[in-house]
Amino acid sequence: MDQLVENFTNQSVDWVARAKSLQNLISENSANIESRGHVTTEVMAALHEKQLFRMALPRTVGGAEATPLEIALATEAIARADASTAWCVGQASGCSWAAAYVPKAVAKEIFQPYDAVLAWGPPNATAKAEKVNGGYNSNGKWRFGSGSLNATWVGGHSFVVDKNGDQLKNKNGSPIMRTMLIPREQVNFEGVWNVMGLKGTGSDTYVATNVFVDDAHTTWRDSQPDRTEFGPLYSVPLLTAYGIIFAGLALGVSRTLFEDFKKLTAEKPAGGNRKSNGKPVMMRDNAVIQSNTTENEARLCSARALLLETIEEYWERVIETGAPSLKLRARLRMAITWAMLQAREVGNYAFHATGTNGIFEMHPFERRFRDLQAISAQGQSHLSNFEPVGAVLLGVEAESHRF
């Protein structure tokens with residue numbers, strides 16, 4: 001199937017248009033995606049056909065090296081149809097950064113196949129990679145492996161240890177970390193993804209037991225000694241990239257929930273009141289609904305505008321200098337977190353304002369409401385992100401791993 005991978009070297013791609021072209025298909029599959037706990041085969045095939053898992057990959061392995069804004073907007077468009085599908089695409093897009101930090105032959109092995117998807121979860125303190133001759137002996141358990149049930153490879157972020165199990169240290173005293181890149185069939189899955197939202201992401205726990213991983217199949221995020229691709233996209237720190245992607249995703253879910261609420265207001269009577277002509281007063285005729293809808297429209301639009309404006313400015317500095325200022329990096333983190341929080345607040349308003357319509361699975365509200373709660377549980381939207389941002393804005397010397 002490799003011949004079906006497009007050559008993006010000399011072409012411009014409208015990734016948002018590609019994502020939008022799949023919205024009806026994804027929406028039709030959304031119930032099955034949630035009930036089965038993973039993106040359906042039909043949707044995965046369509047995503048691969050549109051090459052949407054290749055947006056962030058280097059061109060040398062058949063990727064597009066799209067801009068952060070393009071990736072965010074495409075993910076937002078997918079999220080308009082289904083949050084879980086968008087989460088899997090967004091998570092895999094972030095994992096694509098690994099292709100720029102491994103030897104080129106390894107990148108081609110993992111990412112060049114037509115159906116290539118790398119999935120991983122966050123670091124786990126119990127995950128250890130014992131340094132052995134030629135590589136590592138990997139033992140670990142990782143949670144939140146979003147998209148892992150449809151992945152071809154998985155990653156295991158691990159503490160490097162010696163034969164006695166003692167952590168090895170960098171010169172500055174910090175622990176040495178490496179990500180083990182392992183074929184999916186070499187790990188076991190525990191089937192524990194029983195959650196309230198993002199049910200269709202299949203973000204399962206996976207376990208590696210005495211898996212040998214050679215040196216070439218390991219990396220670490222943003223590790224410049226490992227870097228093999230030098231396009232500007234891979235100068236964006238991985239956690240920043242994830243923030244940009246997930247903020248776009250949250251806005252997409254919230255927008256669809258809000259638009260569905262607006263449609264409901266034209267269809268649902270507001271109590272038993274009637275107009276002078278005898279027709280029932282609808283929700284949209286209610287002054288409170290009108291006022292609250294205006295406020296939430298402003299909330300969602302302004303949060304999105306701030307996000308897009310800041311992403312564009314950040315990307316311009318990456319292109320020009322390769323190193324955006326601390327203040328700009330802090331502003332981007334602010335915009336990311338703010339967008340995710342406002343997306344949740346607008347979704348909360350729309351869900352509660354629907355009344356009893358919101359609690360029935362037959363209506364489109366409750367799943368998106370649950371998805372937004374799950375999205376906002378991710379570290380990218382935590383209020384703690386505002387603390388280092390505030391320090392920077394106030395002129396206090398501060399750094400953060402999320403900058």
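The values are calculated or read from the model by the stated rules, or taken from the named source; none is laboratory data. These numbers come from a predicted model, not from an experiment. Quick reminder, even Gly has a Cβ in these numbers, built from the backbone with ideal geometry, and neighbours come from all protein chains shown.
Observations on the model:
- Note on the range 1-99: enclosed helices (runs of 4 or more DSSP H) holding 1 or more residues that are surrounded by 15 or more Cβ atoms within 10 Å (Cβ to Cβ) and over 15 Å from the mean Cα position of the chain (by Cα) are 15-21, 23-36, 41-49.
- Residue list for the range 117-145, restricted to those being touching a Leu at 6+ places or on another chain (Cβ under 8 Å) and either among the β-branched types (Val, Ile, Thr) or buried (at least 24 other Cβ atoms within 10 Å of the Cβ) (or both): LEU118
- Scanning the range 178-186 finds one or more residues that are in a helix (DSSP H, G or I) and more than 22 Å from GLY90 (Cα to Cα).
- Which numbered condition PHE403 misses (of (1) of a type in the set (Phe, Trp, Tyr); (2) surrounded by fewer than 17 Cβ atoms within 10 Å (Cβ to Cβ); (3) within 23 Å of the chain's Cα centre (by Cα)): (2)
- Residues that are surrounded by 24 or more Cβ atoms within 10 Å (Cβ to Cβ) and either modelled with pLDDT under 95 or touching a Lys or Arg at 6+ places or on another chain (Cβ under 7 Å) (or both) within the range 255-264 comprise just one, LEU257.
- Residue in the range 240-263 that is touching a residue at least 60 places away in the same chain (Cβ under 8 Å) and of a type in the set (Asp, Glu) present: yes
- Exclusive hit being in contact with a Lys or Arg (Cβ under 6 Å, 6 or more places away or on another chain), charged (D, E, K, R) and surrounded by 15 or more Cβ atoms within 10 Å (Cβ to Cβ), set ARG333, ARG329, ARG344, ARG367: ARG333
Here is a yes/no grid of residues against (1) within 22 Å of the chain's Cα centre (by Cα); (2) buried (at least 24 other Cβ atoms within 10 Å of the Cβ); (3) in the same structural domain as ASP215 (by TED's automatic domain parsing):
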residue	(1), (2), (3)
GLY147	yes, yes, yes
ASP166	no, no, yes
ASN170	no, no, yes
PRO175	no, no, yes
GLU185	no, no, yes
ASN188	no, no, yes
GLY191	yes, no, yes
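- Of all residues in the range 377-400 being of a type outside the set (A, V, I, L, M, F, W, C) and loosely packed, with under 14 Cβ neighbours inside 10 Å, the one that is nearest to the chain's Cα centre (by Cα): SER384
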